[in-house]
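The values are calculated or read from the model by the stated rules, or taken from the named source; none is laboratory data. Here the structure is a predicted model, which means the values were calculated and not measured. Note that each Cβ is placed from the backbone with ideal geometry, even for glycine, and that neighbours are counted across all protein chains shown.
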Amino acid sequence: MNRMIPMTDAVRRSTRHDVAAHISVKVDGAAPVAAILCNISRHGLVIDSLAALSEDSDIVVELIPGTQAPARFVWQDSFRSGLELVDPLKAEDYWSLLQQLDHCSDAAE
C-alpha cells in the first residue's frame with residue numbers, strides 16, 4: 001500500500017546517505033520492533049521493517065543505543081517506510097551519527 005503525505009521543500013532537498021544499520025522502532029509505546037535503516041538525512045529516514053505504521057502513530061526510532069528520536073510517518077511501500085524526524089538533526093550531530101552508524105553496520109557483518 002502506498003500512502004503519501006506532502007513534505008516541505010526543505011526536507012526533500014536534504015542530502016541523503018545510504019546506510020544499512022540495525023535500529024529499533026517503537027510505535028505507540030509498544031515494545032521496540034527491529035528495523036533496517038536504509039537511508040538517512042538530517043530531516044528523515046527510510047526504514048525496512050514489519051512495524052505497523054500510520055499517520056496517527058506515535059513513533060520513536062533508536063538509531064544507536066541511547067539515541068532516540070521522535071518521528072512522523074510519511075509514506076509506506078510494502079515493508080519500506082519513510083519517516084520525518086520531528087526535530088531535524090543538527091549538522092554536527094548528524095556527521096557524528098553517520099560515523100557511528102557506519103561503525104555499527106561494520107560490526108554487524
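Computed values, structure above
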| item | result |
| --- | --- |
| Check on Ala21, part of a loop (DSSP other than H, G, I, E, B) and in contact (Cβ under 8 Å) with a residue 24 or more places away in the chain | no |
| Subset of the range 57-76 that is modelled with pLDDT of 95 or more and exposed (fewer than 15 other Cβ atoms within 10 Å of the Cβ) - its residue that is nearest to Leu101 (Cα to Cα) | Pro70 |
| Residue, modelled with the highest pLDDT, within the range 99-109, restricted to residues that are among the hydrophobic types (A, V, I, L, M, F, W, C) and closer than 15 Å to Gly66 by Cα | Leu101 |
| Strands (runs of 3 or more DSSP E) within the range 28-109 that include 1 or more residues among the aromatic types (Phe, Trp, Tyr) and either out of contact with any Ser or Thr (no Cβ under 6 Å at 6 or more places or on another chain) or farther than 17 Å from Arg16 by Cα (or both) | 67-77 |
| Test: Ser49 is among the hydroxyl-bearing types (Ser, Thr, Tyr) and under 12 Å from the mean Cα position of the chain (by Cα) | yes |
| Residue list for the range 77-97, restricted to those being of a type in the set (Ser, Thr, Tyr), surrounded by 11 or more Cβ atoms within 10 Å (Cβ to Cβ) and over 11 Å from the mean Cα position of the chain (by Cα) | Tyr94, Ser96 |
